[in-house]
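Written below as structure tokens is the structure these notes are about.
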Amino acid sequence: TLPPGPKPKLLIGNLFDVPTQLAWLTYTKWRKQYGDLVFFGVFGNNFLILNSLKATTDLLDKRATIYSERPSIPSIRLMGWEFSFSFMSHTDKWRGGKFVPFDMSSSTDETINIIAQKIVSSALSPRRSSLMLHNLLTTPEDFLEHVEQLTTAIIMAMVYGYDIKSLHDDPIVHLQQESIKRLSESAIPGRFMVNVFPFLRHVPAWFPGAGFHQFFKDTVKLVGQMKQAPFDFVKQNMQSGSDRQSVLRELLEHNEAHGGSVEREEDMKDIAGVAYAAAAETTTATLMVSVMALAMHPEVVRKAQAELDAVVGLGSLPGFEHRSELPYCEAVVREIFRWRPITPVAIAHATHEDDVYDGYLIPKGTIILPNVWAMVHDETMYPDPDTFKPERFLNADGTLNSDDLIIGFGFGRRICAGRHAADATLWAATVSLLATFNIGKAKDAAGKEIEIEDVFTDGMVSYPKPFKCSITPRNELTKQLVSNINL
Ligand code: HEM
């Protein structure tokens, strides 16, 4: 028998049961009704929601050979984004760590953390992180933009060794933003009927309602340019002997050293494109959650600052060398990832063959939706799960406990390849902000605090909706520190 789930109707299956908004919340309610496994079908496609960490690790980790495919989504193929998913599903290309210097999926040991920190600290040069702090000094109300600029700058530097000019006038950044926007949009259920009825792709472009063909055609062109422009930049730099290190450059040098071919170069261009796409929105959204959580919890800001002042000293910026001495700040970072995961249903996996689990049949080709939201809000693991409480990661004596699993990075062989880099980026940006600024609720004209509504957007990556908060230098000393950093 199949796992339990809402009762399907003839032909359409569970079409009308499937939530069209913030699906993870409905999936989490279904957990009470149906349990850890919830199965449903829409027009012949099978879906399995995994609502507990145990079921997820039993299947996606322990039976990785069966559960590591990616589903094929028609609109993604038609938009020219399939290179990203084909890399992800043909794991031999992707997984071979030798191609991907930052693919750290196979282990979590100390060395890997150090490599990740090295990549991030070279990308997170004082100039780049100071730019965010500087901007916060002059236009604190535009903090969401400054956050996005910082993460975009770090990731462009990491992947391409490219220094962005600004968030809005940089031609390469513009290509990236527009291509990714179209990719995310296509993940919204109902945006493209071709995802529900794949045969629609054969409808000719002149047919009424077939305007999607033009949209897809334009997107293919855009995605091509989005991969080509930064690739050309890296190649030019290599030829001119410039020493900008980056993931793509390392890949190309590795290729050359092994008598690589032009075809291989094309692969590397694609890998860099995947890395950028996977890194940009996710890191930006998580840093926005960080600001939101801090603004809502002044007591957390105070405790973290007290720890920073004791270890680093008021008026100095923390560096990775301080990280292990700052358990409370570490707990804050873990809680940011747990409290509001920005990939609440991770990225879907798919099964490679039939399987049986807990007495239930899971047919080949089933699309697996790991409900990260349910796992990080599981009361047996995280009591009072909606409360932002870094202490849940600390022992009574203030040291960190052993719960260092960031569920939001996904599972098994498909676990986020950039997780150590992402974690290092979030840590560095959060502690440098805490060391220099007070973060709290904004006040209205009458001096009354403006509540922050904790509401999120829909889509593959779920962002906090724009909110207001107050970000001011902690005191004259930290103001001087920020304004004196040489940009
Ligand atoms: C806070 C930031 C991030 C979050 C929350 C995040 C989350 C995720 C999740 C949930 C997956 C899917 C895992 C699964 O299928 O089980 C994933 C995959 C991936 N991530 Fe991240 N990610 C982040 C940042 C990054 C960064 C910075 C990079 C690159 C430098 C990156 C590169 C990738 C790649 C390449 C994959 C595909 C792995 C594969 O399919 O084999 N991510 N990420």
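Listed here are the residues, each with its yes/no results for (1) near the ligand (Cβ under 6 Å from one of its atoms); (2) in contact (Cβ under 8 Å) with a residue 24 or more places away in the chain; (3) of a type outside the set (Val, Ile, Thr).
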site	(1), (2), (3)
396	no, no, yes
422	yes, yes, yes
429	no, yes, yes
436	no, yes, no
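Within the stretch 341-350, the residues that satisfy the criterion of being in contact with a strand residue (DSSP E or B) (Cβ under 6 Å, 6 or more places away or on another chain) and surrounded by fewer than 24 Cβ atoms within 10 Å (Cβ to Cβ) are 345, 348, 350. Only a single item in (1) more than 21 Å from the chain's Cα centre (by Cα); (2) at pLDDT below 80; (3) under 20 Å from residue 191 (Cα atoms) is not met by residue 81, and it is number (1).
Listed residues 322, 377; which is more than 20 Å from residue 456 (Cβ to Cβ), in contact with a helix residue (DSSP H, G or I) (Cβ under 8 Å, 6 or more places away or on another chain) and surrounded by 15 or more Cβ atoms within 10 Å (Cβ to Cβ)? So that I can check it myself, show each step before the final result.
On the way: 377 fails: more than 20 Å from residue 456 (Cβ to Cβ).
One residue alone meets the criteria, 322.
Is it the case, given these coordinates, that residue 403 is more than 13 Å from the ligand (Cβ to nearest atom) and under 19 Å from residue 25 (Cβ atoms)? For residue 403, the condition - more than 13 Å from the ligand (Cβ to nearest atom) and under 19 Å from residue 25 (Cβ atoms) - is not met. For beta carbons closer than 7 Å, sequence separation of 6+ or different chains, a first residue in the stretch 333-352 that is on the phi < 0 side of the Ramachandran plot and a second that is buried (at least 21 other Cβ atoms within 10 Å of the Cβ) and among the acidic types (Asp, Glu), the qualifying pairs are 349/69; 350/69; 351/69; 352/69.
Can you tell which of 233, 197 is aromatic (Phe, Trp, Tyr) and at pLDDT 85 or above?
Numbers: 197 fails: at pLDDT 85 or above.
When all the criteria are applied, what remains is 233.
All of 257, 277 fail the test of being of a type outside the set (Ser, Thr, Tyr) and within 16 Å of the ligand (Cβ to nearest atom), apart from 277. Among the residues making up the stretch 157-176, those that are over 19 Å from residue 133 (Cα atoms), crowded, with 18+ Cβ neighbours inside 10 Å and touching a residue at least 40 places away in the same chain (Cβ under 8 Å) are 158, 159, 160, 161, 162, 172, 175, 176.
Can you go through 333, 356 and tell me which one is among the β-branched types (Val, Ile, Thr) and touching a strand residue (DSSP E or B) at 6+ places or on another chain (Cβ under 9 Å)?
Details: 333 fails: touching a strand residue (DSSP E or B) at 6+ places or on another chain (Cβ under 9 Å).
Going through 333, 356 in turn, just one is among the β-branched types (Val, Ile, Thr) and touching a strand residue (DSSP E or B) at 6+ places or on another chain (Cβ under 9 Å): 356.
Taken over the stretch 24-51, the criterion of being hydrophobic (A, V, I, L, M, F, W, C) and either modelled with pLDDT of 90 or more or surrounded by fewer than 17 Cβ atoms within 10 Å (Cβ to Cβ) (or both) is satisfied by 24, 25, 30, 37, 38, 39, 40, 43, 47, 48, 49, 50. Are any of the residues in the stretch 263-282 touching a residue at least 40 places away in the same chain (Cβ under 8 Å) and surrounded by fewer than 17 Cβ atoms within 10 Å (Cβ to Cβ)? No: the stretch 263-282 contains no residue that is touching a residue at least 40 places away in the same chain (Cβ under 8 Å) and surrounded by fewer than 17 Cβ atoms within 10 Å (Cβ to Cβ).
The single condition among (1) more than 23 Å from residue 149 (Cα to Cα); (2) surrounded by fewer than 23 Cβ atoms within 10 Å (Cβ to Cβ) that residue 308 does not meet is (2).
Could we say that residue 245 is out of contact with any strand residue (DSSP E or B) (no Cβ under 6 Å at 6 or more places or on another chain), of a type outside the set (Ser, Thr, Tyr) and either free of Cβ contacts under 8 Å to residues at least 24 places away in the same chain or part of a helix (DSSP H, G or I) (or both) here? Before the answer, list the steps.
Details: out of contact with any strand residue (DSSP E or B) (no Cβ under 6 Å at 6 or more places or on another chain): yes; of a type outside the set (Ser, Thr, Tyr): yes; either free of Cβ contacts under 8 Å to residues at least 24 places away in the same chain or part of a helix (DSSP H, G or I) (or both): no.
No, not satisfied.
Restricting attention to the stretch 371-383, does a residue exist that is out of contact with any His (no Cβ under 7 Å at 6 or more places or on another chain) and within 9 Å of the ligand (Cβ to nearest atom)? Among the residues of the stretch 371-383, at least one is out of contact with any His (no Cβ under 7 Å at 6 or more places or on another chain) and within 9 Å of the ligand (Cβ to nearest atom), which makes the answer yes. For the stretch 353-381, name all the residues that are outside any loop (DSSP other than H, G, I, E, B) and without any contact (Cβ under 8 Å) to a residue 12 or more places away in the chain. Scanning the stretch 353-381 gives a single hit, 356. Name the residue that is modelled with the lowest pLDDT, counting only residues in the stretch 178-194 that are surrounded by fewer than 19 Cβ atoms within 10 Å (Cβ to Cβ) and within 16 Å of the ligand (Cβ to nearest atom). Step by step, filter the stretch 178-194, then rank; the result is 187.
Here's the yes/no breakdown for (1) farther than 18 Å from residue 331 by Cβ; (2) touching a helix residue (DSSP H, G or I) at 6+ places or on another chain (Cβ under 8 Å); (3) at pLDDT 95 or above:
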{"site": "390", "(1), (2), (3)": "no, yes, yes"}
{"site": "395", "(1), (2), (3)": "no, no, yes"}
{"site": "400", "(1), (2), (3)": "no, yes, yes"}
{"site": "413", "(1), (2), (3)": "yes, yes, no"}
{"site": "417", "(1), (2), (3)": "yes, yes, no"}
{"site": "434", "(1), (2), (3)": "no, yes, yes"}
{"site": "451", "(1), (2), (3)": "yes, no, yes"}
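For the stretch 199-247, the set of residues classified as of a type in the set (Val, Ile, Thr), farther than 30 Å from residue 44 by Cβ and in contact with a Lys or Arg (Cβ under 7 Å, 6 or more places away or on another chain) consists of 234 only. Residues that are near the ligand (Cβ under 6 Å from one of its atoms) and outside any loop (DSSP other than H, G, I, E, B) within the stretch 406-418 comprise 408, 409, 414, listed in sequence order.
The values are calculated or read from the model by the stated rules, or taken from the named source; none is laboratory data. Given the structure is predicted, the values throughout are model-derived calculations rather than measurements. Note: ideal-geometry Cβ built from the backbone for every residue, glycine included; neighbour counts use all protein chains shown.
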